[in-house]
Amino acid sequence: MYNKIGDNMDIIKYAFLGLVQGITEALPISSSGHVFIFRELLGMNFLYDMNFDILVNFGSLVAILLLYKKDLINIIKDFFLFIKTKEKKYQSNFKYALLLIIATIPAGIFGLIYKDSISKVMNLKLLGISFLMTSAFVFICRKIKGKKDDSKITILDSIIIGLYQIMALLPGVSRSGATISAGMSRDLKRESALKFSFLLYIPISLASMILGVNDLIKSPTLNTLWFPYLIATIIAGIATYYTFKWFRKMLLNNGKLIYFSIYTLLLGLTLLIVF
């Protein structure tokens, strides 16, 4: 059992990283970028084997599934009911599901081809540039309120949001920041942009986990770090759940997105100057 000082330090470090993942996943400031930074600061960069990322992302995924449970049930149910009956009352959610599928394709294809290559070349200097990109995305859309609700999202909107999600494969480029900004720039209401962004997170996160399960099972680190991983995953899920609820309330109450833009701007410049 974990009763040695080294083991306890592992638990503390991974628990902290799980908290970082959970908080930043729900905000437009890049979870992967922050985990990368703190992993370096804690001297844990040598442990980078994707297992931690897969598991804590699963924790965040469970939180998003719970938050959008009703929407997901209705979308999936109506999707199949429309295929079966072709009744008009199911058509709206059928279309919405198709738009999510379309938006998932660009990052899905690009991720399969380049994700491993990106992780191998990433460093703190490049991370600084990525944070500046996040800052720019959020700054551009900071005052947009939009007029289009869920029913008005078009195929072109979906494609553009999906293309923005490709850039989020770079650690430091916030996935939610890029996709919410893309949605708002297409005149989506803040609520609609937020909902589409986080529902879009679900298939990408599921795909990453499914593709990584085999490596996770075979990984030697799983035998020695399963308990720190478990703690980190639970903390990531809880933190994502409550941070998202706060962010959603703040965003819909005309919260100042400019603060997230300033934060990522300063963080990006700091990384470029220091490293």
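Quick one: in segment 63-83, of everything that is loosely packed, with under 12 Cβ neighbours inside 10 Å and closer than 28 Å to THR243 by Cα, which residue is nearest to the chain's Cα centre (by Cα)?
First, pick out the residues of segment 63-83 that are loosely packed, with under 12 Cβ neighbours inside 10 Å: 69-70, 73, 83.
Still in the list and also closer than 28 Å to THR243 by Cα: 69-70, 73.
Numbers: LYS69: 17, LYS70: 20, ILE73: 21 Å.
It comes out as LYS69.
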Inset, instruction - Answer yes or no as to whether PHE227 is under 20 Å from the mean Cα position of the chain (by Cα) and either at pLDDT 95 or above or not charged (D, E, K, R) (or both). - result: no
Inset, instruction - Starting from residues that are more than 18 Å from ILE37 (Cα to Cα) and free of Cβ contacts under 8 Å to residues at least 40 places away in the same chain, keep the ones in segment 247-274 and report whichever is farthest from the chain's Cα centre (by Cα). - result: ASN253
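Go through segment 134-149 and count every residue that is under 14 Å from ARG186 (Cβ atoms) and in contact with a Phe, Trp or Tyr (Cβ under 6 Å, 6 or more places away or on another chain).
Initially, segment 134-149 is screened for residues under 14 Å from ARG186 (Cβ atoms), giving 137, 140-141, 144-149.
If we keep only those that are in contact with a Phe, Trp or Tyr (Cβ under 6 Å, 6 or more places away or on another chain) as well, we get none.
Counting residues in segment 134-149 that are under 14 Å from ARG186 (Cβ atoms) and in contact with a Phe, Trp or Tyr (Cβ under 6 Å, 6 or more places away or on another chain) gives 0.
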Legend entry - Residue check, PHE227 touching a strand residue (DSSP E or B) at 6+ places or on another chain (Cβ under 8 Å) and touching a residue at least 60 places away in the same chain (Cβ under 8 Å): no
Inset, instruction - Starting from segment 164-182, take each residue that is more than 18 Å from LEU194 (Cβ to Cβ) and in contact (Cβ under 8 Å) with a residue 24 or more places away in the chain and list its partners that are part of a loop (DSSP other than H, G, I, E, B) and of a type in the set (A, V, I, L, M), counting only C-beta distances under 6 angstrom and pairs at least six apart or across chains. - result: MET167/VAL173; PRO171/MET122
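Yes or no: LEU132 modelled with pLDDT of 95 or more, crowded, with 16+ Cβ neighbours inside 10 Å and assigned to a helix (DSSP H, G or I)?
Details: modelled with pLDDT of 95 or more: yes; crowded, with 16+ Cβ neighbours inside 10 Å: yes; assigned to a helix (DSSP H, G or I): yes.
So LEU132 fits the description; yes.
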Legend entry - Test: residue in segment 109-122 that is of a type outside the set (A, V, I, L, M, F, W, C) and modelled with pLDDT of 95 or more: no
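Conditions tested, residue by residue: (1) under 17 Å from the mean Cα position of the chain (by Cα); (2) among the hydroxyl-bearing types (Ser, Thr, Tyr); (3) surrounded by fewer than 23 Cβ atoms within 10 Å (Cβ to Cβ).
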| site | (1), (2), (3) |
| --- | --- |
| SER151 | no, yes, yes |
| LEU156 | no, no, yes |
| ILE161 | yes, no, no |
| GLN165 | yes, no, no |
| SER181 | yes, yes, no |
| ALA193 | yes, no, no |
| SER197 | yes, yes, no |
Inset, instruction - For segment 253-275, enumerate the residues that are among the aromatic types (Phe, Trp, Tyr) and either modelled with pLDDT under 95 or farther than 14 Å from VAL173 by Cβ (or both). - result: TYR259, TYR263, PHE275
Legend entry - Failed criterion for LEU194 (all others in (1) assigned to a helix (DSSP H, G or I); (2) within 30 Å of VAL121 (Cβ to Cβ) hold): (2)
Inset, instruction - Taking only segment 225-275 into account, find how many residues are within 22 Å of LEU41 (Cα to Cα) and of a type in the set (S, T, N, Q). - result: 3
Inset, instruction - Among the residues of segment 135-151, write down those that are under 30 Å from SER92 (Cβ atoms) and either in a helix (DSSP H, G or I) or of a type in the set (Gly, Ala, Ser) (or both). - result: PHE137, VAL138, ILE140, GLY146, ASP150, SER151
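The values are calculated or read from the model by the stated rules, or taken from the named source; none is laboratory data. Just so it is clear, the structure is predicted and the values come from calculations on it, not from any experiment. Please note: Cβ atoms are built from the backbone with ideal geometry, for glycine as well, and neighbour counts cover all protein chains shown.
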